[in-house]
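Here is the structure we will look at, set down as structure tokens.
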Amino acid sequence: MVLSSLPGIRSAEGHWLLPAKFVNGMKQYVERWTGTVVVGLQAGHEPSGDLDNRQWNPSELPFEVRIVDFRELAGNGGPLLRRSILLVTPNHLLYGLGQRCREQGGLLVANTELTLTTQLQIARSVHGWGLSLLKTRLWLLLNHRRALAEIRSAQGLQCNGTPTFEAFGRHNPTPLLYFDNRVASELCATPKEIEARCEALSRRRRLRLMYSGRLHPIKGVDHLVPLARRLRDRNIDFELRIAGDGPLRATLEAQIAQHSLHEQVRLLGTLDFHDQLMPMLRQEIDLFVCPHLQGDPSCTYLETLCAGVPIVGYANEAWRGLQRLSSAGRVCALGRPGALADEIEGLSTNLDALKALAMSAREFAIQHVFEVEFERRIVHLQRLCEAAELRT
């Protein structure tokens, strides 16, 4: 059973409102898991902000969807827990579920993505400075203690990215580190593609940069135009493609016009992942710019490395840990567009170093493509089940 924070919304015709990406992920569990797969949702009315939300006829879904009262489940348990393994992102409404599972024959596996540091960073970007931020910080600090207690009581722990693995792994007897992404091995760049891309750059000498993702302040998108201005002022021949959409799109358009950056910076809008974004990264991009200020384990990192494209990014928790393991890019001071420009300028004159980073990116990513990481997660769950049966 996967307990999700998505709202449980069902139409009058009985159709469930769910994001396509979530449904596709659940289908992977169905294909690999030998038992029944159930999604538990709390009753809701307001749709999530996912752009790929759509109505699903229950007959289209190879898994069951149930409305679950999280607080009731954590407080009293019930038939859902018996001989079930529950995969749950820590949620204040579910604290106590680990103990209920132990009492009633279930297994709890916590799935973590955000450290306290990253949660505090996100809160600051959402609330700004003021009383609202102070209240949110206090709540997060108190909630963190309870989340740790729940992680300790869980029989297993799956950590998306190095930050929560380093922060929480020691608090659970069976932690697993994985890197969430949606790139199958056939989508990865080949060494020949990287060679061709580097050869083209050596002839052209115009560095092709890219950012893809939400155009939102939380992603540091407002640092992209200041970065482009610094690169132009240093007489670096470059182009920066920005893919995605969000609340900062109009601001970016205005800044590009204000600073006459039309020849260097292009807004591409939202690209189809398989048919547009990945082919462009593999064949046309030399370096990815990642100004993320917070350390959430974005899929963007692994997906970019799978394309054999190095990353120059801020030293947030997620990229700092991943760069240390992969040697697939450069880390620079958090929140400083000038530091990003320094790294990009250095690589623009050292194409051998850029090529080495690209090869390292591919080498690391091919070991962590979607099917590999998902299989590791399934095996981890299966072993927890086997161990529980041995104990009984």
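The values are calculated or read from the model by the stated rules, or taken from the named source; none is laboratory data. Everything numeric here is computed off the predicted structure, so don't read it as measured data. Cβ: placed from backbone, ideal geometry, glycine included. Neighbour counts: every protein chain shown. With ligands, DNA and RNA removed, areas are computed over all heavy atoms of the protein, side chains included. Shrake-Rupley method; radii C 1.70, N 1.55, O 1.52, S 1.80 Å.
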Pull up the cross-link candidates among the lysines for Lys192, meaning alpha carbon to alpha carbon under 28 Å and not fewer than 8 places away within one chain.
Lys355
If you line up the long axis of helix 116-127 against the longest principal axis of the chain, both from Cα atoms, how many degrees apart are they, to the nearest 10?
70 degrees
So what's the angle, to the nearest 10 degrees on a 0 to 90 scale, between helix 249-258 and the longest Cα principal axis of the chain?
10 degrees
Got a sec? Which residues in the stretch 137-157 would a label at Arg170 touch, if it sits 7 Å along Cα→Cβ and we count backbone N under 17 Å?
145, 148-149, 151-153
The distance between the Cα centres of the stretch 48-121 and the stretch 122-197, in whole Å, is 17 Å
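Leaving out ligands and nucleic acids, note down the accessible area per residue over the chain with a 1.4 angstrom probe, in whole Å².
Averaged over the residues of the chain, the accessible area is 46 Å².
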Among the DSSP beta bridges whose two residues both lie in the stretch 1-159, what percent are antiparallel, rounded to the nearest 5?
20 percent
In nm², what is the average projected area of the convex hull enclosing the Cα atoms of the chain?
20.4 nm²
Mind checking which lysines have their Cα closer than 29 Å to the Cα of Lys21? Skip sequence neighbours fewer than 8 apart in that chain.
Lys219
Restricted to the chain, the DSSP antiparallel beta bridge percent, nearest 5, is 10 percent
Which whole-Hz ³J(HN,Hα) couplings does the stretch 53-65 yield from phi under the Karplus relation 6.51 cos²θ - 1.76 cosθ + 1.60, θ = phi - 60°, glycine and proline marked x?
4, 7, 7, 10, 5, x, 5, 7, 9, x, 10, 8, 10
Restricting to bridges with both residues inside the stretch 12-103, how much of the DSSP beta-bridge set is antiparallel, in percent to the nearest 5?
50 percent
Please list, ordered by chain and number, the residues whose modelled amide H lies under 5 Å from the amide H of Val265; skip anything fewer than 5 residues away on the same chain.
Leu240
Treating each Cα of the stretch 188-282 as an identical point scatterer and ignoring solvent, apply the Debye formula and state log10 I(q)/I(0) at q = 0.16 Å⁻¹.
-0.74
Label-point separation (nm) for Glu284 and Ala353, each offset 7 Å from Cα along Cα-to-Cβ?
2.8 nm
Take Leu51 and Arg152, extend 7 Å from each Cα along the Cα→Cβ direction, and tell me the distance between the two endpoints in nm.
4.2 nm
